1. Which residues, counting only those in segment B:46-68, are among the polar types (S, T, N, Q) and surrounded by 13 or more Cβ atoms within 10 Å (Cβ to Cβ)?
2. One residue is enough: does segment A:266-277 have a residue meeting the conditions in contact with a strand residue (DSSP E or B) (Cβ under 8 Å, 6 or more places away or on another chain) and modelled with pLDDT of 85 or more?
3. With the structure loaded, tell me whether B:V13 is open to solvent by 70 Å² or more (accessible area, probe 1.4 Å) and of a type in the set (V, I, T) or whether it fails that test.
4. Please go through segment B:137-173 and pick out each residue that is of a type in the set (V, I, T), crowded, with 22+ Cβ neighbours inside 10 Å and farther than 21 Å from B:L242 by Cα.
5. Quick test for you: out of A:A134, A:A176, pick the one residue that is in contact with a strand residue (DSSP E or B) (Cβ under 6 Å, 6 or more places away or on another chain), crowded, with 19+ Cβ neighbours inside 10 Å and outside any loop (DSSP other than H, G, I, E, B).
6. List the number of the failed condition for B:E200; all other conditions in (1) acidic (D, E); (2) modelled with pLDDT of 95 or more; (3) in the same structural domain as B:D86 (by TED's automatic domain parsing) hold.
7. Just one of the numbered conditions (1) on the phi > 0 side of the Ramachandran plot; (2) near DNA strand C (Cβ under 8 Å from one of its atoms) is not true of B:R7; which one?
2 protein chains.
Amino acid sequence: MDLSDVRRHHLSVVLEHLVCSGPRSRAAIAQETGLTKATVSTLITDLLDRGLVQELDTPTAGRVGRPATDVGAAGHSVGALGLEIDVDEVAACVVDLTGTVRTVHRHTAGNRDVTARTVIHRLRDATQRAMADAAHMGIDCIGATLALPGLVDPNEPTLFVAPNLHWFDADLRSLATQLRLPEHFPITMDNEANLGALAELRHGAGQQFDSFVFVSAAGGLGAGIVLDGRLLRGAHGFAGELGHVVVDPSGKPCACGARGCLETLLHSDVNPDELARHLADALRTVVHLIDPEAVVLGGSLAAFGDEFALAVADHLHADTLGARWHPCAVRRSTLGADAALVGAATAALDRIISDPTIVPTRALAH
Amino acid sequence: MDLSDVRRHHLSVVLEHLVCSGPRSRAAIAQETGLTKATVSTLITDLLDRGLVQELDTPTAGRVGRPATDVGAAGHSVGALGLEIDVDEVAACVVDLTGTVRTVHRHTAGNRDVTARTVIHRLRDATQRAMADAAHMGIDCIGATLALPGLVDPNEPTLFVAPNLHWFDADLRSLATQLRLPEHFPITMDNEANLGALAELRHGAGQQFDSFVFVSAAGGLGAGIVLDGRLLRGAHGFAGELGHVVVDPSGKPCACGARGCLETLLHSDVNPDELARHLADALRTVVHLIDPEAVVLGGSLAAFGDEFALAVADHLHADTLGARWHPCAVRRSTLGADAALVGAATAALDRIISDPTIVPTRALAH
DNA sequence: CCCCTTTAGTTCGGATACTGTACTAACTCG
DNA sequence: CGAGTTAGTACAGTATCCGAACTAAAGGGG
């Protein structure tokens, strides 16, 4: 039936609106989504039945007319698992639908040159703890996403290459069982920069932009590209390899085969001024190709402070073709080191948002 | 009503399928789109009433069962106007829904350093002729798109900068009246590389790819980026400025302010081998950032022949991170110099495809 | 203090588009 | 020439959305 597709779509629209734009009244939702008050009403009762939204005790704003009862995404019933493997740590967290991080377990460990099996074993501990916490809080985890520092195909559970981990062609099909998650537990994986961008889009500096580029400097250098509120993953999930934009063709050889990749400069000793210029050089290319509204500096780049962001912006605007009319904003990440991890959980939560009917309705007799 | 939106959407899906994938039977459409035979039947009769599709005399393939009557996009009733202003010519064409170019009027003229008014005057002649031809053939033009060699905002009728025309901030709001087109005639404009990419997507080398980058070398150097079958225009319509990817930071200064842009190398005397290497350098960056399935070489680059494309592919694959698993294909354009012009008409036709109900139904008394 | 106005949210009838099944149409094969 | 096969249509059933009317709950004015 295509009729139920319509309903599914509308449920998704309403839920996404509440998750992204915050709690509001049914009347406001109707106005903002273009749906009828009547339709929104039935949609909300449906979402209430599924435990995805909840009515809030609104502080009655002394306005004329019947006071509204706001509804917002529910934080008490469902959530998702965010997982991360990085060069020097593993981590697991649980985030609920309101975007609140309910529990985090980080475990410092040198993962470079260690077999995937060992690292996943380390991740299992954190995962089990996070799942136990979720169960304790009565939160039902509907899926997980794993953030990895390398090339990942979201469609196939294979990590192609993670230069900084020294991993190649790791097969991650049995990940769910290796982590001792329930059978058929939905688990996906993605590049850490992509997931960081998703986190910024929903909860951070990207909220005010429709399209932006999130620069993730954690170990390697990657970028997550958001266009029209959606992640650009590329045909094979390889998009956003900002670290391999060539800045200096006569520079040092890079692991990728080329010379003078931006990433080679990051590893060598450069002062912030120099780094800002090189980064701006690479970002200029990005802006010329993608034309985003903004660049969000994440990871260690955010730690450099506002002057650094301003320096990058200055260098960037100087020689960019369209900057005269629409200069690309440069902002610092507001999520810090948690961006990729929170983004992983957010990605898993997106399964609910894009199809709320996967959560069963608790047929409330009445 | 949202119910009629569903219908509109389905009409659009069916029409797009016919335009993009060619004529076929109702049964085939049903199977391929996932709609029911019954639904497709009513959708097709609707599209027939609007004159957007037509039944074809199928050469009866001696297969068992009742023979199918194929329906295909109609070439007799509606079309769109494609316009182009380039450095050394203006052009107008009419393309019908089947993608057939019904008439072309090209007019060679040096447009550099000439006022916009004068150039538009030149374009008016070609436009008038094309429109007259269309009227003669009984084709109703439902809109026009103008291809321009510069930065254009598709939402606002302003050309920001066309370096090769030496135009800056040209206001093109009164374009329809200056071309003596009917009042309220829908006219849009876009970058020539974007439109070339659209043409390749629908009628050329891009048909077999979901996402690819079309490189347009006509005067300047631009790229049209297609992702998931849709044009990536960027937040302000500035995306795809491949010519300003820096290939050699110590190179010649470019009009954009930077040094060693790819475009500066194109103008100077380089042999094809050198050009292939520089182009591959720039494309490597594109592949790292966007991860397309293929690159389509257009304009004068297509004229270099297959060896050139192979050379580019070799250089490109050598140092690209993901090439080992998913090498990016390199193809030559199949449309030649007409790509942008045909693409302009195609863009205008897209108005019908995305909403077939804008064409009135000729209530056929039955 | 009562009633009018305003805004929020629900109920109900009506319209519409999709689905599945059953049907007719048109052709091939034996 | 009939059985089998595939194309396309007709029709009843169902689910959804919309609009209008309705109830609910507050403020404000006389």
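1. Once the filter is applied, which keeps residues that are among the polar types (S, T, N, Q) and surrounded by 13 or more Cβ atoms within 10 Å (Cβ to Cβ), segment B:46-68 yields B:Q54, B:T58.
2. No, segment A:266-277 contains no residue that is in contact with a strand residue (DSSP E or B) (Cβ under 8 Å, 6 or more places away or on another chain) and modelled with pLDDT of 85 or more.
3. no
4. The answer is B:I139, B:T145.
5. After ruling out the rest, the residue left standing is A:A134.
6. Unmet for B:E200, out of (1) acidic (D, E); (2) modelled with pLDDT of 95 or more; (3) in the same structural domain as B:D86 (by TED's automatic domain parsing): (3).
7. Here B:R7 meets the rest and fails (1).
One line per residue, one yes/no per condition, for (1) of a type outside the set (D, E, K, R); (2) closer than 24 Å to B:R277 by Cβ; (3) away from chain B (no Cβ under 11 Å); (4) crowded, with 21+ Cβ neighbours inside 10 Å:
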position: A:L201; (1), (2), (3), (4): yes, no, yes, yes
position: A:R230; (1), (2), (3), (4): no, no, no, no
position: A:F238; (1), (2), (3), (4): yes, yes, no, yes
position: A:S250; (1), (2), (3), (4): yes, yes, no, no
position: A:G257; (1), (2), (3), (4): yes, yes, no, no
position: A:L262; (1), (2), (3), (4): yes, yes, no, yes
position: A:V270; (1), (2), (3), (4): yes, no, yes, no
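The values are calculated or read from the model by the stated rules, or taken from the named source; none is laboratory data. Because the structure is predicted, anything quoted here is derived from the model rather than measured. Heads up, the Cβs are rebuilt from the backbone with ideal geometry, glycines too, and the neighbour counts pull from every protein chain shown. Accessible surface areas use protein heavy atoms only, side chains included; no ligands, DNA or RNA. Shrake-Rupley method; radii C 1.70, N 1.55, O 1.52, S 1.80 Å.
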